[in-house]
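Heads up: the structure comes next, in structure tokens.
The values are calculated or read from the model by the stated rules, or taken from the named source; none is laboratory data. Just so it is clear, the model here is predicted, and its values are computed rather than measured. Heads up, the Cβs are rebuilt from the backbone with ideal geometry, glycines too, and the neighbour counts pull from every protein chain shown. Protein only, heavy atoms only, side chains kept; ligands, DNA and RNA dropped before computing areas. Shrake-Rupley method; radii C 1.70, N 1.55, O 1.52, S 1.80 Å.
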Amino acid sequence: MNIFELFILAIGLSMDAFAVSVCKGLSLGRIDAKHMCIAGAWFGGFQALMPLLGYFGGRFFAYKVTRYSHWVAFVLLVFIGASMIKESKEEEHVNADMDIKSMFILAVATSIDALAVGVTFAFLKVEIVSAVSFIGVITFVCSAAGVKTGSLFGMKYKSKAELCGGIILILIGTKTLLEGLGMI
């Protein structure tokens, strides 16, 4: 996976966190840099941690299914992408709390897809430390920007962000499958 593909993947993964951050910014009303950094740290941290956990879990099984790794990556990414597209059409309510309990629950919820992506990283033989660091930084920036965007524009962009993220993950999964089948 090259740097451009990793960047696109990171953007796709960060769209859930961006969407929730937009909602946070909307519910907070008046925000400051502290709010942006709190959201960025929680979401970016979990978006980095979860693929790392998935990677180590996936490495345990990778040697057993190497012949089918492109199919595994394809199925996982398409499933995650389709879930994000489905979620983009649902109404979401987020409160203004930024306490540890609220942020922990949101960070875990928005990073479950990153856990599955971490499993695919094990099959794709990705340099995991740089990949998860990159994903974490991108998500931090997108989440901080999401809080600001939410405070300025509200819910207008939430569903579009999740839809875009889902499409990106499906496209990456399709490309991985085609590469694995030797078609590109």
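Rounded to the nearest 10 degrees, the angle from helix 33-62 to the longest Cα principal axis of the chain is 20 degrees. Only helical runs count toward this figure. For the chain, summing -39,500 (n - 2.57) over DSSP H runs of n ≥ 4 and dividing by all residues gives -28500 deg cm²/dmol at 222 nm. In the chain, a dipole from Cβ-located charges (positive for Lys and Arg, negative for Asp and Glu) runs towards its positive end, and of LEU163, LEU26, LEU124 it is LEU124 whose Cα lies farthest in that direction. The value of relative contact order for the chain, using C-alpha pairs under 8 Å at least six residues apart, is 52 percent. Compared with the dominant principal axis of the Cα atoms in the chain, helix 128-153 is inclined by about 30°.
For the range 9-49, the gyration tensor built on C-alpha atoms gives an oblate shape. Its axis ratio a/c (a ≥ b ≥ c) is at least 1.5, and a/b is not larger than b/c. Dipole of the chain computed with +1 at Lys/Arg Cβ and -1 at Asp/Glu Cβ about the Cα centre; of ILE85, MET1, LEU115, farthest Cα towards the positive end is MET1. Mind checking the angle between helix 100-124 and the chain's longest principal axis? C-alpha axes, 0 to 90 degrees, to the nearest 10. Helix 100-124 sits at roughly 20 degrees to that axis. Computed about the Cα centre, the dipole magnitude for the chain is approximately 140 debye when only Lys and Arg (+1) and Asp and Glu (-1) carry charge, each at its Cβ.
With a threshold of 19 Å on the Cα-Cα distance, the over-threshold entries among LYS34/LYS101; LYS101/LYS160; LYS86/LYS148; LYS86/LYS175; LYS86/LYS125 are LYS101/LYS160; LYS86/LYS148; LYS86/LYS175; LYS86/LYS125. For the chain, a Gaussian network of Cα nodes joined below 10 Å ranks SER88, SER130, SER14 by mean-square fluctuation, and the top entry is SER130.
Measuring nothing but protein heavy atoms, the accessible surface of the chain at 1.4 Å probe radius is 71 percent carbon and sulfur.
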